[in-house]
Amino acid sequence: MPTGPQDSPSLQLSLFDEASTAPPAPPPVPVALRPEPAPGEFRHPRSQREIVLASHRVAYELRRSRRRSIGFVVGAEGLSVSAPRWVGVGEIESALREKTHWILRKLHEQRERARRLDSARVEWCEGAAIPFLGESVILVLDSRATGAVLHSAQALPGLPRLTLHLGLPQAASAEQIRDTVQSWVQRQARRIFEERCALFAQRLGVRMTRLSLSSAATRWGSASADGSIRLNWRLVHFALPVIDYVVTHELAHLREMNHSAAFWEVVRAALPDFEAARGTLRHEVLPVFD
């Protein structure tokens, strides 16, 4: 997603390690027609064939194409296989068996991610919690508050110490609560990102010309050669070390518009232990605002 003139080169930091190369999917089968798979079963909603891999039943989508080899994609829906029209099913399933360990590992990872995403859905009501700068914040409906106000207090170990008082009545709808919280989070994101960008731009000796907030579904940030930086507002859910990693990553592109060894040397010069923050970024599941 470009952030400057259309002819300005840009680089992006993805939310995910692996991007699916599958084409846009047709509308999914209604949930009511898809029973919940058994623990040892993985079923793609558009599956046409099944295979047993190490005692796991895997129903996969098979697409015929002009490609020259057999390709596998494990996404949120399950296993998709692309194969040339002239390759027989026996050869396809032989290739699947050779990749049993990889396929099952990815399918289990996708199932766990789906479970975590489902558990991350916020029930927008008083007492709900969202993460902010790595800490849990409890939502409080308080008609005396103006907009949204963050309060901190001493708390027992393991209990949240932060509360966000929302200027809403007790009868406020879930949509009103969600929109008020999201507006507050985005304002905080801009304030914090501006502070961290200024700090690390000076440290790296680069000049940022513009900062924009992004709501991208697949990108944490992007940088353009004209000095424009875009950062996903949802980063503000993470603790500062993770935010600093993404900020540094994008600002480093203003010196190295690539992911070469030289680029990573620039990142390491500013953040010597950036790998830990990068690991958190890859594996955390954030609250779902819907």
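The values are calculated or read from the model by the stated rules, or taken from the named source; none is laboratory data. Predicted model, so just to flag it, every value in this text is computed and none were measured. We place every Cβ from the backbone using ideal geometry, glycine too, and count neighbours over all the protein chains shown.
With respect to the stated conditions, T180 is without any contact (Cβ under 8 Å) to a residue 40 or more places away in the chain, surrounded by 17 or more Cβ atoms within 10 Å (Cβ to Cβ) and hydroxyl-bearing (S, T, Y).
Number of residues in the stretch 75-104 that are free of Cβ contacts under 8 Å to residues at least 24 places away in the same chain, of a type outside the set (K, R) and over 30 Å from T218 (Cα atoms) equals 7.
Identify, from the list F132, F42, F72, the residue that is in contact (Cβ under 8 Å) with a residue 24 or more places away in the chain and closer than 30 Å to A239 by Cβ.
Working: F42 fails: closer than 30 Å to A239 by Cβ; F72 fails: closer than 30 Å to A239 by Cβ.
Criteria check complete, one pass: F132.
Hey, D118 hits all of (1) surrounded by 11 or more Cβ atoms within 10 Å (Cβ to Cβ); (2) closer than 30 Å to A148 by Cβ but one; which does it fall short on? All conditions are met except number (1). Among all positions in the stretch 186-205, there is at least one residue which is within 21 Å of the chain's Cα centre (by Cα), without any contact (Cβ under 8 Å) to a residue 40 or more places away in the chain and within 28 Å of A129 (Cα to Cα). One residue stands out in the stretch 123-138 among those that are of a type in the set (G, A, S) and part of a strand (DSSP E or B): the one that is farthest from S152 (Cα to Cα), namely A129.
Would the stretch 66-87 turn up any residue that is under 30 Å from L166 (Cα atoms), among the charged types (D, E, K, R) and not in a helix (DSSP H, G or I)? No - not one qualifying residue is present in the stretch 66-87. Scanning the stretch 114-129 for residues that are among the charged types (D, E, K, R), farther than 16 Å from D290 by Cβ and free of Cβ contacts under 8 Å to residues at least 40 places away in the same chain yields a single hit, R115.
What residue, among those in the stretch 132-143 that are within 23 Å of the chain's Cα centre (by Cα) and surrounded by fewer than 17 Cβ atoms within 10 Å (Cβ to Cβ), is modelled with the highest pLDDT?
Filtering the stretch 132-143 down to residues within 23 Å of the chain's Cα centre (by Cα) leaves 132-138.
Applying the additional criterion that residues be surrounded by fewer than 17 Cβ atoms within 10 Å (Cβ to Cβ) yields 133-136.
On the way: L133: 94, G134: 91, E135: 91, S136: 90.
Checking each candidate, the answer is L133.
Against the list (1) among the aliphatic types (A, V, I, L, M); (2) under 17 Å from F193 (Cα atoms); (3) outside the structural domain of G227 (by TED's automatic domain parsing), the condition V288 fails is (2). Just so you know, in the stretch 200-216 the residues that are in contact with a helix residue (DSSP H, G or I) (Cβ under 9 Å, 6 or more places away or on another chain), exposed (fewer than 15 other Cβ atoms within 10 Å of the Cβ) and of a type outside the set (G, A, S) include one that is nearest to T280 (Cα to Cα), and it is R203.
Yes/no per residue for (1) out of contact with any Phe, Trp or Tyr (no Cβ under 6 Å at 6 or more places or on another chain); (2) touching a residue at least 60 places away in the same chain (Cβ under 8 Å); (3) surrounded by fewer than 18 Cβ atoms within 10 Å (Cβ to Cβ):
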{"residue": "T218", "(1), (2), (3)": "yes, yes, yes"}
{"residue": "S224", "(1), (2), (3)": "yes, yes, no"}
{"residue": "V236", "(1), (2), (3)": "yes, yes, no"}
{"residue": "V247", "(1), (2), (3)": "no, no, no"}
{"residue": "L251", "(1), (2), (3)": "no, no, no"}
{"residue": "P272", "(1), (2), (3)": "yes, no, yes"}
{"residue": "E275", "(1), (2), (3)": "yes, no, yes"}
{"residue": "T280", "(1), (2), (3)": "yes, no, yes"}
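If you filter the stretch 159-177 down to residues that are surrounded by 15 or more Cβ atoms within 10 Å (Cβ to Cβ) and aliphatic (A, V, I, L, M), you find that the one that is farthest from T146 (Cα to Cα) is L162.
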